[in-house]
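This report concerns only the one structure given below.
The values are calculated or read from the model by the stated rules, or taken from the named source; none is laboratory data. Since the structure is predicted, the reported quantities are computational estimates derived from the model, not experimental observations. Reconstructed Cβ throughout: ideal geometry from the backbone, glycine too, with neighbour counts over all protein chains shown. Quick note on the areas: whole protein, heavy atoms, side chains included, nothing else; ligands and nucleic acids left out. Shrake-Rupley method; radii C 1.70, N 1.55, O 1.52, S 1.80 Å.
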Amino acid sequence: MFKHQGKTRTLSHNLQIASLLSFVAGIVNVAGFLAVQKLTTNVTGHFAFFVDEVLKLNFWNGFVYFLYIFFFFLGSFVSSYLVELISQKTERNIYILPTSIEILILLAIGVFGSAIQFENPNIIACSLLFAMGLQNSLVTKISNATVRTTHLTGLFTDLGIELSQLFFYTETEKKKKLYSSIKLRLTIISFFFIGGILGGLLYTKIELKVLYIAGVTLLLGLIYDYLKLKIIRLNRKLNH
């Protein structure tokens with residue numbers, strides 16, 4: 001799911017990581033919005049608010065929206081930098097450090113978020129945007145830009161294009177690739193919605209502690225990959 005890159009990746013690998021990470025992003029998106037009334041998985045809306053505040057000469061508010069954009073960018077930069085840095089020494093497990101940082105951020109906001117939710121909501125917003133920048137950059141890198149999981153605008157655009165192409169593609173191979181791409185996009189959208197619905201329902205009960213579920217989900221994903229790799233290596237030893 002995480003460890004395969006480039007030509008070694010299959011549709012199955014992309015479907016697994018897409019369902020896992022889009023589920024996490026759905027939880028973060030809803031929990032972040034309910035907690036601080038800010039978008040915490042993408043920055044498209046923040047750019048519009050940034051320009052609006054600057055034009056109104058509300059420079060402090062504009063600076064806050066700039067920080068939201070910057071922290072998403074910073075998360076993306078840090079994730080890519082760590083992957084490139086680690087890959088110079090080894091191609092194995094390059095995904096563990098960025099994912100571990102994301103897990104720690106989600107768990108930390110789950111633990112301390114309620115204490116700072118009203119006095120320092122921008123800390124929560126910036127932290128979650130940084131975490132989603134980490135995630136989006138990592139999955140983009142691993143999947144060769146095939147999977148993106150933190151926002152749906154581009155996904156619905158691509159899905160609309162691909163559904164329309166079904167009426168015109170007649171070659172078997174092209175149709176097969178098209179069906180695979182549509183299946184991937186529907187998986188991302190579906191699990192984003194599932195995560196969002198679950199996050200919304202549980203937020204009414206446990207508030208920001210719902211981020212525990214997002215963090216633990218990522219942790220289970222890492223454990224799954226680790227155990228799967230161990231089993232594969234064990235089978236190879238036994239077969240030889």
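Among the conditions (1) among the hydrophobic types (A, V, I, L, M, F, W, C); (2) at pLDDT below 95; (3) within 16 Å of Gly26 (Cβ to Cβ), the only one that Ala145 does not satisfy is (3).
In this structure, Phe112 qualifies as hydrophobic (A, V, I, L, M, F, W, C), more than 21 Å from the chain's Cα centre (by Cα), modelled with pLDDT of 90 or more and not in a loop (DSSP other than H, G, I, E, B).
For the range 141-162, residues that are of a type outside the set (Val, Ile, Thr) and over 15 Å from the mean Cα position of the chain (by Cα) total 5.
Give the range 188-208 a look and list any residue that's of a type outside the set (A, V, I, L, M, F, W, C) and open to solvent by 90 Å² or more (accessible area, probe 1.4 Å), or say none.
Here is the first cut: in the range 188-208, the ones of a type outside the set (A, V, I, L, M, F, W, C) are 190, 195-196, 199-200, 203-205, 207.
Thr204, Lys205, listed by residue number.
Annotation: Ser180 fulfils all but one of (1) touching a residue at least 24 places away in the same chain (Cβ under 8 Å); (2) more than 24 Å from Gln37 (Cα to Cα); (3) open to solvent by 80 Å² or more (accessible area, probe 1.4 Å); the unmet one is (3). A single entry from Thr204, Thr187 fulfils the requirement of being part of a helix (DSSP H, G or I), out of contact with any His (no Cβ under 7 Å at 6 or more places or on another chain) and within 17 Å of Gln37 (Cα to Cα): Thr204.
Kindly provide the set of residues from the range 13-53 that are over 19 Å from Cys126 (Cβ atoms) and within 14 Å of the chain's Cα centre (by Cα), ordered by number. Listed by number, the residues that qualify are Asn14, Leu15, Gln16, Ile17, Ala18, Ser19, Leu20, Leu21, Ser22, Phe23, Gly26. For the range 83-125, a residue qualifies if it is of a type in the set (D, E, K, R) and open to solvent by 70 Å² or more (accessible area, probe 1.4 Å), and the qualifying residues are Glu84, Lys89, Glu91, Arg92, Glu119.
Do we find a residue being on the phi > 0 side of the Ramachandran plot, in contact with a Lys or Arg (Cβ under 8 Å, 6 or more places away or on another chain) and open to solvent by 50 Å² or more (accessible area, probe 1.4 Å) anywhere in the range 144-166? Within the range 144-166, one or more residues are on the phi > 0 side of the Ramachandran plot, in contact with a Lys or Arg (Cβ under 8 Å, 6 or more places away or on another chain) and open to solvent by 50 Å² or more (accessible area, probe 1.4 Å). Could you check the range 54-69 and list, in sequence order, the residues that are more than 12 Å from Ala125 (Cβ to Cβ) and either outside any helix (DSSP H, G or I) or open to solvent by 30 Å² or more (accessible area, probe 1.4 Å) (or both)? Within the range 54-69, Val54, Leu55, Lys56, Leu57, Asn58, Phe59, Trp60, Asn61, Phe63, Phe66 qualify.
I'd like to check something: does the range 118-128 contain any residue that is under 20 Å from Ile17 (Cα atoms) and either without any contact (Cβ under 8 Å) to a residue 12 or more places away in the chain or assigned to a helix (DSSP H, G or I) (or both)? If you could, list the steps in order and put the result at the bottom.
Quick first cut of the range 118-128, residues under 20 Å from Ile17 (Cα atoms) only: 128.
From the residues that got through so far, the ones that are either without any contact (Cβ under 8 Å) to a residue 12 or more places away in the chain or assigned to a helix (DSSP H, G or I) (or both) too are 128.
Checked the range 118-128: at least one residue is under 20 Å from Ile17 (Cα atoms) and either without any contact (Cβ under 8 Å) to a residue 12 or more places away in the chain or assigned to a helix (DSSP H, G or I) (or both).
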